[in-house]
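Visitor: The structure is given below, and queries will be raised subsequently.
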């Protein structure tokens, strides 16, 4: 990996980490100006329950494509939206019973 690609990878990670996403299982690297995103993206714990992960990734891809030196973004991301709302409500009810 060249020095330029390493610097761009750090810059891309810095930009992604500004968004309310858990990217601990996301692999990010840049090769000759092409950003490769692969892995799993989840919601950050806290007051971010209404965030749409796909919309957030679209915003990130748009931001990255506007950066000088980036030619393209290859996004192979799996979205982990958490349990479905009805399952989440059942879990909350169970916790109240104890």
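The values are calculated or read from the model by the stated rules, or taken from the named source; none is laboratory data. These numbers were taken from a predicted model, which means no experiment stands behind them. Counting neighbours? That spans all protein chains shown, and the Cβs are built from the backbone with ideal geometry, glycine included.
Residue by residue, here is whether (1) at pLDDT 90 or above; (2) surrounded by 14 or more Cβ atoms within 10 Å (Cβ to Cβ); (3) part of a strand (DSSP E or B); (4) touching a strand residue (DSSP E or B) at 6+ places or on another chain (Cβ under 8 Å) holds:
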position: 1; (1), (2), (3), (4): no, no, no, yes
position: 4; (1), (2), (3), (4): yes, no, no, no
position: 8; (1), (2), (3), (4): yes, yes, no, yes
position: 14; (1), (2), (3), (4): yes, no, no, no
position: 26; (1), (2), (3), (4): yes, yes, yes, yes
position: 29; (1), (2), (3), (4): yes, yes, yes, yes
position: 37; (1), (2), (3), (4): yes, yes, yes, yes
position: 41; (1), (2), (3), (4): yes, yes, yes, yes
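Visitor: Any residue that is part of a strand (DSSP E or B), at pLDDT below 90 and either touching a strand residue (DSSP E or B) at 6+ places or on another chain (Cβ under 7 Å) or surrounded by 12 or more Cβ atoms within 10 Å (Cβ to Cβ) (or both) - is there at least one of those in the range 46-68?
Guide: Scanning the range 46-68 turns up no residue that is part of a strand (DSSP E or B), at pLDDT below 90 and either touching a strand residue (DSSP E or B) at 6+ places or on another chain (Cβ under 7 Å) or surrounded by 12 or more Cβ atoms within 10 Å (Cβ to Cβ) (or both).
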